[in-house]
Amino acid sequence: MPRPTSAQIVYGSATVVLSTLLMLLLSRTSSGVGIAVVSLGALALGLLVAALVPGARRSPRAEAVAPPVRRPAEARPAGARAGARMSERVGEHSLHG
């Protein structure tokens, strides 16, 4: 499931807060059940608004780029094998650290 964008969070939260205040003022309810119904309605409306706000889109250029192809170890240049020898010395003492 994709993460919500900041625009979706802002629009959904603002919708919940403003619609709750507006419905409470218009309905003039003071009972606990009425406040709960208004709050749940505002939450549902906020979720709907957040879901309808366009999410982050990938650029067409990013989709057209193919991922890099890894070559087998034998096909790598000599410089790449030298890096492998350096990784064998990981256990040696270092001044960094």
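For region 1-15, what are the residues that are among the aliphatic types (A, V, I, L, M) and more than 16 Å from residue 41 (Cα to Cα)? Residues satisfying the conditions are 1, 7, 9, 10.
Would you pick out the residues in region 10-34 that are out of contact with any helix residue (DSSP H, G or I) (no Cβ under 7 Å at 6 or more places or on another chain) and of a type in the set (A, V, I, L, M, F, W, C)? If the condition is that a residue be out of contact with any helix residue (DSSP H, G or I) (no Cβ under 7 Å at 6 or more places or on another chain) and of a type in the set (A, V, I, L, M, F, W, C), then 10, 14, 17, 18, 21, 22, 25, 26, 33 are the ones that fit.
Take the conditions farther than 27 Å from residue 6 by Cα, at pLDDT 85 or above and not in a loop (DSSP other than H, G, I, E, B) and apply them to residue 43. Does it pass? Spell out the reasoning first.
Working: farther than 27 Å from residue 6 by Cα: no; at pLDDT 85 or above: yes; not in a loop (DSSP other than H, G, I, E, B): yes.
Considered against the rule, which asks whether it is farther than 27 Å from residue 6 by Cα, at pLDDT 85 or above and not in a loop (DSSP other than H, G, I, E, B), residue 43 comes out as no.
The values are calculated or read from the model by the stated rules, or taken from the named source; none is laboratory data. Worth saying up front: this structure is predicted, and the values here are computed from it rather than measured. Reconstructed Cβ throughout: ideal geometry from the backbone, glycine too, with neighbour counts over all protein chains shown.
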